[in-house]
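As structure tokens, the structure follows; a few thoughts come after it.
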Amino acid sequence: MMIRFEGVKKTYLRHTALHDITLSLPQGKIIGIVGENGSGKSTMLKLMAGLIRPGKGTVTVDGEPVNRLISRKVAYLSELDVLYPFYTAEEIVRFFASQFDDMDIKKAHEMMQFLQLDPHKKIKHMSKGQRGRLKMVLALSRQVPLVLLDEPLSGLDPMVRDSIVKGLLSFIDLERQTVIITTHEIQEVEAMLDMVVAVREGRIVGVEDTEVIRETEGLNIVSWMKKVYGGY
């Protein structure tokens, strides 16, 4: 599954979030879109998820122009806390299964056990870390080719971040899935990324395989970002 941005511009009122982005992202990889807050990372994910439309240019997934119907191919985890508070974890899984035919309830139960979530606990009684883990369960339990995770580690304590990263690695099927993560918590996810896209002020400033960054350039991702940002 190839994701393609072609001359994409997105403006909110007078603020331009993305400036003429052209980018291709390959299938079967864990790809990090990294950058400062407000750099345009979340806007890129929302465009891939069909939640917003570009003001100019096109976004395609497998050659298909992205619109609301792309949800049958895409699981999207929002940075926002959008879970119904009156459901238990088990009930929200069942609700998602009623909305998405590709929901794997067995996998959801395995992930809840792995991430130490009580299936009978109401969402309104969960901590922020527990809600973050539950959102991950809901996203990764869908059997779709493209998984989009918007700041999945934001605001979570280090122990929770570690369990979420381990959950990602354990429950992603990279033979059939591509995962794209936006984050500014780079050190926590660096080890699992295959490719990095650096964004700054709505522009792509660098795209590279992490193996090249580490092996050829001898850098970690933070050092590589400083290098590519230095040219802009």
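The values are calculated or read from the model by the stated rules, or taken from the named source; none is laboratory data. Computed from a predicted structure; not experimentally measured. Here the Cβ is made from the backbone with ideal geometry for all residues, glycine too, and neighbour counts use every protein chain on show. Calculation scope for accessible area: heavy atoms of the full protein, side chains included, ligands and nucleic acids excluded. Shrake-Rupley method; radii C 1.70, N 1.55, O 1.52, S 1.80 Å.
A compact table of results
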| item | result |
| --- | --- |
| Alpha carbon centroid spacing (whole Å) that separates region 55-107 from region 113-139 | 17 |
| Segment ASP62-GLU217, length gained on full extension (0.36 nm per residue, minus Cα span) | 52.6 nm |
| Charge context of ALA75, other residues only, Cβ under 14 angstrom, K/R +1, D/E -1 | +2 |
| Probe 1.4 Å, accessible area per residue of the chain, Å² | 49 |
| With every protein chain in place, the chain: carbon and sulfur % of accessible area (1.4 Å) | 50 |
| Long pairs among LYS46/LYS73; LYS46/LYS227; LYS73/LYS124, criterion Cα-Cα beyond 23 Å | LYS46/LYS227; LYS73/LYS124 |
| Prolate/oblate/rounded label for region 95-161 (Cα gyration tensor, a/c 1.5) | oblate |
| FRET E, pair HIS120, ASP173, Förster distance 25 Å, beta-carbon r, rounded to 0.05 | 0.35 |
| Two-site label geometry, MET159 and HIS19: point separation in nm, points 7 Å out along Cα→Cβ | 4.4 |
| Qualifying lysines (Cα of each under 22 Å from Cα of LYS226; at least 8 residues distant if same chain) | LYS41 |
| GNM flexibility winner over the chain from LEU117, LEU148, LEU45 (Cα, springs under 10 Å) | LEU117 |
| Mean ellipticity per residue at 222 nm, deg cm²/dmol - from DSSP H runs of n ≥ 4 across the chain, formula -39500 (n - 2.57) | -8500 deg cm²/dmol |
| Three-way shape label, region 78-198, alpha-carbon gyration tensor, a/c 1.5 | oblate |
